[in-house]
Amino acid sequence: MSGAGGDILLSVDNVSLSFGGVRAISDVSFDIRKGEIRAIIGPNGAGKTSMLNVVNGFYHPQNGQITYRGRTRTRMKPHEAAERGIARTFQNVALFRGMTTLDNIMTGRNLKMKRGLVWQALRFGPALNEEIEHRQACEEIIDFLEIEHIRKTPVGALPYGLQKRVELGRALAMEPELLLLDEPMAGMNLEEKEDMSRFIVEANRLRGATIALIEHDMGVVMDLSDRVVVLQYGRKIADDVPAVVKADQAVIDAYLGVGR
Amino acid sequence: MGSAAVRGDANDTFAKLLRAHAAVRGARPAFRHKDFGLWRTWTWAQVYDETRAIAVGLIALGLDRGDTIAIVGANRPKLYWSITAAQMIGAVPVPVYADSVADEIAAVLDHSEAGVIIAQDQEQVDKILSVRGRLPRLRHLLYDEPRGLTDYDEPGLHALEAIMAKGRAALGDPAAAADIDRRIDAGKGADPSVILYTSGTTGRSKGVVLSGERSIAAARDTVAFDSLTDRDEVLAYLPLAWVGDHYLNYAQGYVAGFCMACPESADTAANDLREIGPTYHFAPPRVFEALLTRVQIRMEDAGAFKRWLYRRFMDAAKRWGEKIANGDKVPLSARLAYRLGDLLIYAPLKNALGFSRVRVAYTAGEAIGADLFAFYRSIGLNLKQLYGQTEAFLFVTAQADRAVRSDAVGPPAPNVELRIAPDGEVQFRSPGMFVGYFREDDKTREAMTEDGYVKTGDAGFFEPDGQLKIVDRAKDVGRLENGEMFAPKYIENKLKFFPNIREAVAFGDGRAFVTAMINIELASVGDWAERHSVSYASYQDLAANPRVTAMIEEHVDAVNRALSLEPAMAGAQIRRFLILPKELDADDGELTRTQKVRRRFIAERYAPLIEGLYGGAREASISAEITYEDGRKGKLVGTAHIVDMPPHPKAKEARAA
């Protein structure tokens, strides 16, 4: 894994987030370096998904700031995040169930289409050329994820493991700089997990995406990631390379539920 | 024999055939491949250029006349071209099964002495690299799909595309082009053209060496037999290393000049079939069975009107379809009903299956159920059977159009000499017959008779209409006490065509008569029990039910009646049978992993039941301690009721052909 020593792509500084009286995140800081695979782990309710939602602008933290590609902001809308190269997948698959695999992945190209709605509707001249170019990009992703056989299948009819793969395909279609994956392997069997791990590593290595992922399978986290940040009750309790995190007493206690 | 020389055609190697196609039909499509969602087409002229580029590249890597070169992967145009490129140089291509595990691949690669390997992708490259230590001769490893391989740093690993680019550049020089031309001319028909390794289900796999002139002579005969032309098209989806693919697609394609379409991946083959709409098609019986099951399930889900329409017209097809296909006389009303059915049901159905344009379809490899076979014939698919072997370069027998039946595999293919040895073994001499096993002369001698026939290892006999019937492996065929032939698998297969019978084991070698032990199929018999309010707790319970016994008795009687109609088999009718109180299971060592019964093992374990079958008792019990493969011990307890079957009289006359 290449970029463990790369420039900082995104940093989160002293971020706190609460919903009414509930504190989801308290004063958390960490960074993501260009080219790395960064894991966010922690027990249920530790604030992992909230953290991803803060990063891509879905939640606005009450305190702290986010610096992405050198620009500091406190507020950013999800579509701005998407335009600036942040793509994500969701814990519960969020695809257009009635649309085919290909069409779902094509929606990932939407931000890259320059011609307006009218041009696209006409499917003529420059718009057509543009569509061909985007279709090519989608076909490369379909080839990459080995989902040729379900190209024309409505995703609602697909098994869960394949839906997860299509969702990753849609995120990759955006050619993101930063890819946020929320439990990409939840509910998968061993073989599906191995496939997904391979796709994540290759997306990182071959397609050059920096990746931040939430995952519960410790084996996967330790194998894939360059660095791991551990949250518990909204606080950061550890942040280091997998080998060190694995040996950290606070992390072990958090997972085994040892009370002090 | 030697018919290629008699016919005096100079194109006696595949490289010469390719060069001729490039000249004669250069603009006709030769290959298609679906990649990135689009079908890409290459003409014969383009294929000739690409193949020459590979050949020049391989020469630069040091490949020379007489060397072997292994090709590991799925059906991709560049892998087919690599086969021809090797043949251009006079090297011998060895296609290897892509789904073999590393160990099996290592054995074949090592035995074939290949110094150069062309692999499809990272998966195959990884497999080969993992056994590189066992392949001292391996100098160069080429790959077709670069994905995931870009940062591999292995000595001798190259992208096939890079080798081709060098070849293309070199071909700009007229001297290099002339050199390739010379090498093509230097190729002789008698040279080894390809080595196909047998799948090894019956012992270690052997390398079957085929020559160019024999391969081409055999393919010419069958191309003429089925009137294949350069307007035909196939979907090349069978394993590259299997004789079926090398014959039906590669050899016949290169002889007839038709177009080979390579699917996008194994998973998309069904869909690609629909898109291409081949005119010539092969599939093993289990594929046809799976397709039919899918159709039936989809029809169950259809609306009431569609279901009615489907049933109504499938009945018409069942009654008249085969007769119409075989050119028999049928009443005008039936013809009209069939025509309407074709419009409403058969044609759309064939379209959904990708069979709309199929003129000739073959199946082979195992026995095909009569109902299954009749279904496809009745909707107007020209499905036929053939019998073949790698050693024959496939065709030994083939059914002609309009002379098709499900229970035999056809008369000898053109120019094939076929005979039945005294012990019942089928032996042949054929135009495409192999030259020998690679590096195993002793095995070659074992496989041949002194007068030059090849022993198939299969037992069979000729039907009155001249069609061959394969009954069993020759070594499994025995004799009853009175000398009548006893072919256990033949009888077992007949029983197993009944959905209620899952497994059957027949005994009779050296005995006075034939007996059988039967396993019922829990799914279908259980379904029957539910519908007829027969309550049961377990397999054993159901197997002991008298009504189930009566049902199976009818099936056995039907098999006996069928056997009585066949002069060679009438003596081997089942005289006594029982339903086994336990399901035969691979985990208990009673079946092989490929679900074949292990007859000897079963005979030992169930000896008390067999004694009962031959002892004249009304029932037999078994109570034995058995040790499972993993060392656990279990107890096998059960009682089976034994049923006597009156034999049918032997048919006096052979039925009209």
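Can you give me the three principal axis dimensions of the protein assembly as shown from its C-alpha atoms, in Å, biggest first?
In descending order, the Cα extents are 100, 81, 63 Å.
Taking the Cβ of B:Ile195 as the center, what net charge do the other residues with Cβ under 13 Å away carry, scoring Lys and Arg +1 and Asp and Glu -1?
-3
B:Gln46 versus B:Ser623, label points 7 Å from Cα toward the beta carbon: distance in nm?
Between B:Gln46 and B:Ser623, the simple spin-label model gives 7.6 nm.
State which stretch of chain B is the longest one without any exposed GluC sites (Glu not before Pro), exposure meaning a DSSP loop state and at most 12 other Cβ atoms within 10 Å. Please report the intermediate quantities before stating the final value.
Values: sites that count: B:Glu366, B:Glu450, B:Glu481, B:Glu629, B:Glu653.
Result for the longest clean stretch: B:1-365.
Please state the relative contact order of chain B as a whole percent: Cα pairs under 8 Å, 6+ residues apart?
So the answer I get is 9 percent.
Rounded to whole Hz and in sequence order, give me ³J(HN,Hα) for the range B:162-174 from the Karplus expression 6.51 cos²θ - 1.76 cosθ + 1.60, θ = phi - 60°, writing x for Gly and Pro.
With coefficients 6.51, -1.76 and 1.60, one gets 5, 5, 5, 4, 4, x, 4, 4, 5, 5, x, 7, x Hz.
Ordered by residue, what ³J(HN,Hα) values in Hz, to whole numbers, does the range B:330-341 give under the Karplus form 6.51 cos²θ - 1.76 cosθ + 1.60, where θ = phi - 60° and Gly and Pro are x?
For the range B:330-341, the Karplus-derived couplings read 9, x, 4, 4, 5, 4, 5, 4, 5, 4, 5, x Hz, x marking Gly and Pro.
So, in nm, how far is label A:Leu206 from label B:Glu275 when the simple model puts each one 7 Å beyond its Cα toward the Cβ?
2.0 nm
Using a Förster radius of 60 Å, what is the FRET efficiency between A:Phe19 and B:Asp153 based on their Cβ-Cβ separation? Nearest 0.05, please. Walk me through the numbers on the way to the answer.
Values: r = 52 Å, r/R0 = 0.87.
With R0 = 60 Å, the Cβ-Cβ based efficiency is 0.70.
When the scattering of chain B is computed by the Debye formula from its Cα atoms alone, each counted once and equally, what is log10 I(q)/I(0) at q = 0.05, 0.07 Å⁻¹?
With one equal scatterer per Cα and no solvent, log10 I(q)/I(0) is -0.27, -0.53.
Which whole-Hz ³J(HN,Hα) couplings does the range B:116-132 yield from phi under the Karplus relation 6.51 cos²θ - 1.76 cosθ + 1.60, θ = phi - 60°, glycine and proline marked x?
10, 10, 10, 10, 6, 8, 4, 4, 5, 4, 4, 4, 5, 5, 5, 10, 4
Report, by chain and number, residues whose modeled amide H sits under 5 Å from the one on B:Val92, excluding near sequence neighbours (fewer than 5 apart, same chain).
Counting only residues 5 or more places away or on other chains, the set is B:Gly66, B:Asp67, B:Thr68, B:Ile69.
Between B:Gln122 and A:Arg71, how high is the FRET efficiency from 1/(1 + (r/R0)^6) when r is the Cβ-Cβ distance and R₀ = 22 Å? Nearest 0.05.
Working: r = 39 Å, r/R0 = 1.78.
Here the calculated transfer efficiency is 0.05.
Using just the helices of chain B, give the 222 nm mean residue ellipticity in deg cm²/dmol: DSSP H runs with n ≥ 4 each add -39,500 (n - 2.57), and the total is spread over all residues, rounded to 500.
-11000 deg cm²/dmol
Do you know the relative contact order of the range B:3-279, to the nearest whole percent, from alpha carbon pairs under 8 angstrom that are 6+ apart?
Relative contact order for the range B:3-279 comes out at 22 percent.
How many percent of all Cα-Cα pairs in the range A:96-175 sit more than 19 Å apart?
35 percent
Net charge within 9 Å of B:Gly57 by Cβ-Cβ distance, Lys/Arg positive one each and Asp/Glu negative one each, not counting B:Gly57 itself? Kindly include the intermediate steps, with their values, before the conclusion.
Numbers: positive: B:Lys166, B:Arg168; negative: none.
Charge balance in the 9 Å sphere: +2.
For a 31 Å ceiling on Cα separation, which of these pairs sit above it: B:Lys34/B:Lys350; B:Lys16/B:Lys350; B:Lys127/B:Lys188?
Those over the limit are B:Lys16/B:Lys350; B:Lys127/B:Lys188.
Report the residues of the range B:35-78 in range of a label on B:Arg28: point 7 Å along Cα→C-beta, backbone N strictly under 18 Å from it.
B:41-49
Would you mind checking the range B:117-159 for residues with the amide N under 17 Å from a putative spin-label position 7 Å along Cα→C-beta of B:Asp110?
B:127-139
Using only the Cα atoms of the range B:3-279, construct the convex hull and provide its projected area averaged over every direction, in square nanometres to one decimal. Intermediate values should be presented prior to the final figure.
Values: hull surface 57.6 nm².
Projected over every direction and averaged, the Cα hull of the range B:3-279 covers 14.4 nm².
Taking the alpha carbon gyration tensor of the range B:260-359, what are the square roots of 5 times its eigenvalues, largest first, to the nearest whole Å?
Its equivalent ellipsoid spans semi-axes of 26, 18, 11 Å.
May I ask for the angle, rounded to the nearest 10°, between helix B:212-225 and the longest principal axis of chain B, with both axes built from Cα atoms and the value confined to 0 to 90°?
That helix lies at roughly 60 degrees to the long axis.
List the residues of the range B:397-426 whose backbone N lies under 18 Å from a point placed 7 Å from the Cα of B:Leu565 along the Cα-to-Cβ direction.
What the label zone holds, given the 18 Å backbone N cut-off, is B:403-410.
Let me check against my output: what whole-number percent is the relative contact order of chain A, with C-alpha pairs under 8 Å and at least 6 apart? If you can, show how the numbers build up before the last one.
Numbers: 465 pairs, mean separation 70.3, N = 260.
27 percent.
Could you tell me how many degrees, from 0 to 90 and to the nearest 10, lie between the Cα long axis of helix A:160-173 and the main elongation axis, the longest principal axis, of the Cα atoms of chain A?
The angle comes out near 80 degrees.
Note the full-extension length gain between B:Glu440 and B:Asp328 as 0.36 nm times their separation in residues minus their Cα-Cα distance, in nm to one decimal. Intermediate results must be reported in sequence, preceding the final value.
On the way: separation 112, 0.36 × 112 = 40.32 nm, distance 5.03 nm.
Extending this stretch completely gives an extra 35.3 nm.
With a Förster radius of 60 Å, plug the Cβ-Cβ distance of A:Ile8 and B:Arg134 into 1/(1 + (r/R0)^6) and report the FRET value to the nearest 0.05.
Details: r = 48 Å, r/R0 = 0.80.
Once rounded, the FRET efficiency stands at 0.80.
What fraction of the Cα pairs in the range B:477-644, stated in percent, has a spacing above 27 angstrom?
For the range B:477-644, the share of Cα pairs beyond 27 Å comes to 22 percent.
Could you give the length gained by full extension between A:Tyr255 and A:Asp27, i.e. 0.36 nm per residue of separation minus their alpha carbon distance, to one decimal place? Could the numbers behind the result be given before it?
Values: separation 228, 0.36 × 228 = 82.08 nm, distance 2.11 nm.
Fully extending the segment from A:Tyr255 to A:Asp27 adds 80.0 nm.
Taking the 0 to 90 degree range and rounding to the nearest ten, how far is the long axis of helix A:190-205 tilted relative to the main principal axis of chain A, both from C-alpha atoms?
It is inclined by approximately 80 degrees.
Grab the Cα-Cα distance for B:Arg339 and B:Asp401, subtract it from 0.36 nm times how many residues apart they are, and report the gain in nm with one decimal.
20.3 nm
Treat each spin label as a single point 7 Å out from the Cα along the C-beta direction, and report the B:Arg168 to A:Asn63 distance in nm.
6.3 nm
Quick note: the coordinates plus some simple rules give every number you see, no bench work behind them. None of these values were measured; they are calculated from a predicted model. When we count neighbours, we look across all protein chains shown, and the Cβ atoms used for this are built from the backbone with ideal geometry, even at glycine.
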